[in-house]
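Have a look at the structure below, then the notes.
Readers should treat all values here as calculations from the given coordinates under stated rules, not as data from a laboratory. Only a predicted model underlies this, so the values are computations on that prediction, with no experimental measurement involved. Counting neighbours? That spans all protein chains shown, and the Cβs are built from the backbone with ideal geometry, glycine included.
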Amino acid sequence: QENVDARGSGVYLESSNNIVLSQNTIINNSSTGHGGGVYLRYSNNVSLFQNTIHSR
């Protein structure tokens with residue numbers, strides 16, 4: 001499956017539009033491959049406000 005590593009991210013958005021992520025804490029998620037704090041794939045207009053993101 002394409003980009004399977006991205007499913008290890010704290011937030012994974014695929015084909016998502018007009019999303020607001022606010023006041024979230026994402027800790028100890030995968031940071032290998034395409035993982036990490038937030039992974040966007042074919043997504044538009046995503047806003048991040050007052051989030052705490054810590055990757056390994």
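Amide hydrogen proximity for residue 43: with H placed 1.01 Å from N in the peptide plane, the residues at 5 or more positions away or on another chain lying under 5 Å are 15, 16.
Modelled spin-label separation between residue 48 and residue 17, with each label point placed 7 Å from Cα along the Cα-to-Cβ direction: 2.3 nm.
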